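Participant: This is the structure I have questions about; it appears just below.
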Amino acid sequence: MTLLELPPSAQLNRRHVAPAAPHPRAADDLPAPSMQGSLQRFQLQRLINGILAQDDLIPGMRASLLHHLAVNPERPELALLAHLRDIQDPNDLPPG
């Protein structure tokens, strides 16, 4: 019968040292800018659809959001920003 002999633990630790910090993602690992934009638009459109699907949404809010979506087709980020500017109460803004 053959027994497996292990080197002393100090030698094991030197050979199997974990990296001190995770490696930063390489540029090749990141989605292309067009993919990032597409993903963000998809996520934003899902968010907007969730807002519009709310049963208790104030009708004026729904109409405003739908109007801005119609004015900014394929640009949900601009539609949502314009909608938020329209409905923002100036009294809620921080001074300055």
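Participant: Residues of region 48-62 being surrounded by 12 or more Cβ atoms within 10 Å (Cβ to Cβ) and assigned to a helix (DSSP H, G or I), which ones?
Facilitator: Ile48, Ile51, Leu52, Met61, Arg62
Participant: Within region 72-85, is even one residue surrounded by 13 or more Cβ atoms within 10 Å (Cβ to Cβ), not polar (S, T, N, Q) and not in a helix (DSSP H, G or I)?
Facilitator: Within region 72-85 (the criterion being surrounded by 13 or more Cβ atoms within 10 Å (Cβ to Cβ), not polar (S, T, N, Q) and not in a helix (DSSP H, G or I)), the answer is yes, since at least one residue qualifies.
Participant: Further, regarding this structure: Does region 43-70 hold any residues that are in contact with a helix residue (DSSP H, G or I) (Cβ under 6 Å, 6 or more places away or on another chain), farther than 16 Å from Arg85 by Cα and not hydrophobic (A, V, I, L, M, F, W, C), and which are they?
Facilitator: Gln45
Participant: Using beta carbons and a limit of 6 Å, which pairs, at least six apart or on different chains, have the first residue in region 42-55 and touching a residue at least 24 places away in the same chain (Cβ under 8 Å) and the second one surrounded by 11 or more Cβ atoms within 10 Å (Cβ to Cβ) and assigned to a helix (DSSP H, G or I)?
Facilitator: Leu44/Pro76; Leu44/Glu77; Gln45/Pro76; Ile48/Pro76
Where a number appears in this text, it was derived from the coordinates with a stated rule and is not lab data. Treat the numbers as computed from the prediction; the structure is a model and nothing was measured. Positions of Cβ are backbone-derived with ideal geometry, glycine not excepted, and every protein chain shown enters the neighbour counts.
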